[in-house]
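Read through the structure below, which is laid out as structure tokens, and then see the notes.
The values are calculated or read from the model by the stated rules, or taken from the named source; none is laboratory data. As the structure is a computational prediction, the values presented were derived from the model and not from experiment. Every residue, glycine as well, gets a Cβ built from its backbone with ideal geometry; the counts of neighbours run over all protein chains shown. These area figures cover heavy atoms from the full protein model, side chains too; ligands, DNA and RNA do not enter into them. Shrake-Rupley method; radii C 1.70, N 1.55, O 1.52, S 1.80 Å.
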Amino acid sequence: MSDPEGFRIAVLISGGGTNLQAIIDAVRDGSIPGTITRVISNRPGAGGLERAARAGIATEVIDHRIFSSRPDYDRALAERLDTAQPDLIVLAGFMRILGDAFVGRFLGRLINIHPSLLPAYRGLHTHERALEAGERHHGCSVHYVIPELDAGPVIAQAAVAIQSGETADTLARRVQAMEHRLYPEVVRWIAEGRVALDGDRVRQDGQYPPVPPCLTEATADAS
Ligand code: GRF
């Protein structure tokens, strides 16, 4: 029997959920052929929970503070996800490091967006670090999650040219605007079966691109 919900997406958040909103909007306008079946936050007050509720999506809070260890938390999260049976788990500002067992269980179904042009600037404070290093470009990357932090195979990126007088705040805003274009696009590709993880490589439309596709502000505006 075919599943009326089609491709099932779970989104994990910790904060405001602007990327979640971009994905909600893309599902609603039909660009992503699927359904967001669950939004889970590790923080009770996360703004993204309200966005999900407004869109009629089931939400859950699994508060990390009530678990005594990281593996316990990961197990509880994995159990909840198993009941939602997602085809794809989208980390959208989920500020928890997930352990090896969790990542292994969902390998190939777990993606993240990171605010840098990986492999540059893994970790935190990416905008400040890119500015301090005098980079000419910065951006964001969507990648499959592997146990090593921010190190999984990159599916696609979006770049912005750093302008004179740019501050970490202006850069963060410009990169986030690109995140909101890039993330729904990548979710769409996966939902359409055009992108998958194959071993440690990303297969895209039957090919293994030597470098990930990269959206720019100009190409995004043209689309
Ligand atoms: C994004 O900027 C993303 O790069 C990072 O966390 C932020 C989440 O923002 N992983 P939001 O909650 O989607 O607004």
### Message
Step by step: first the residues of segment 62-93, then only those that are within 16 Å of the ligand (Cβ to nearest atom) and in contact with a Gly (Cβ under 9 Å, 6 or more places away or on another chain), then the one that is most open to solvent (accessible area, probe 1.4 Å). Which residue is that?
### Response
GLY93
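Rundown of residues vs (1) closer than 15 Å to PRO212 by Cα; (2) near the ligand (Cβ under 10 Å from one of its atoms); (3) over 17 Å from the mean Cα position of the chain (by Cα), yes/no style:
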position	(1), (2), (3)
ARG136	no, no, yes
TYR144	yes, no, no
LEU149	no, no, no
GLY152	yes, no, no
ILE155	yes, no, no
ILE162	no, no, yes
GLY165	no, no, yes
ALA168	no, no, yes
GLN176	no, yes, no
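What do you reckon, is LEU215 open to solvent by less than 40 Å² (accessible area, probe 1.4 Å) and not acidic (Asp, Glu)?
Here the answer is no, as LEU215 does not meet what is asked.
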### Query
Quick check, is ARG188 out of contact with any Pro (no Cβ under 7 Å at 6 or more places or on another chain), closer than 26 Å to ARG8 by Cβ and free of Cβ contacts under 8 Å to residues at least 12 places away in the same chain?
no
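So is ILE62 under 24 Å from CYS140 (Cβ atoms) and touching a strand residue (DSSP E or B) at 6+ places or on another chain (Cβ under 9 Å) or not? Lay out the reasoning, then the answer.
Numbers: under 24 Å from CYS140 (Cβ atoms): no; touching a strand residue (DSSP E or B) at 6+ places or on another chain (Cβ under 9 Å): yes.
So ILE62 does not fit the description; no.
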### Task
Say whether the condition of being open to solvent by 40 Å² or more (accessible area, probe 1.4 Å), away from the ligand (no atom under 16 Å from the Cβ) and modelled with pLDDT under 95 is met by at least one residue in segment 8-30.
no
## Note on the structure
Given (1) crowded, with 21+ Cβ neighbours inside 10 Å; (2) in contact (Cβ under 8 Å) with a residue 40 or more places away in the chain; (3) aliphatic (A, V, I, L, M), VAL103 misses just (1)
#### Entry: Residue count, segment 31-44 (criterion: surrounded by fewer than 23 Cβ atoms within 10 Å (Cβ to Cβ) and within 13 Å of the ligand (Cβ to nearest atom))
2
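Is it the case that segment 185-205 has a residue that's of a type in the set (A, V, I, L, M, F, W, C), closer than 18 Å to ASN19 by Cβ and at pLDDT below 95? Spell out the reasoning first.
Filtering segment 185-205 down to residues of a type in the set (A, V, I, L, M, F, W, C) leaves 186-187, 189-191, 195-197, 202.
Applying the additional criterion that residues be closer than 18 Å to ASN19 by Cβ yields 186-187, 189-191, 195.
So of that shortlist, the ones also at pLDDT below 95 come out as none.
Within segment 185-205, not a single residue is of a type in the set (A, V, I, L, M, F, W, C), closer than 18 Å to ASN19 by Cβ and at pLDDT below 95.
Among the residues of segment 200-223, which ones are part of a strand (DSSP E or B), over 15 Å from SER116 (Cα atoms) and under 21 Å from the mean Cα position of the chain (by Cα)? Lay out the reasoning, then the answer.
Filtering segment 200-223 down to residues part of a strand (DSSP E or B) leaves 201-204, 207, 214-216.
Subset that is over 15 Å from SER116 (Cα atoms): 201-204, 207.
Residues satisfying the conditions are ARG201, VAL202, ARG203, GLN204.
Looking at segment 135-160, which of the residues that are without any contact (Cβ under 8 Å) to a residue 40 or more places away in the chain and farther than 18 Å from VAL186 by Cα is surrounded by the most Cβ atoms within 10 Å (Cβ to Cβ)? Lay out the reasoning, then the answer.
Taking segment 135-160 first, the residues without any contact (Cβ under 8 Å) to a residue 40 or more places away in the chain are 135-138, 143, 148, 150-151.
If we keep only those that are farther than 18 Å from VAL186 by Cα too, we end up with 135-138, 148.
Numbers: GLU135: 17, ARG136: 9, HIS137: 13, HIS138: 26, GLU148: 10.
Once the filter is applied, the top-ranked residue is HIS138.
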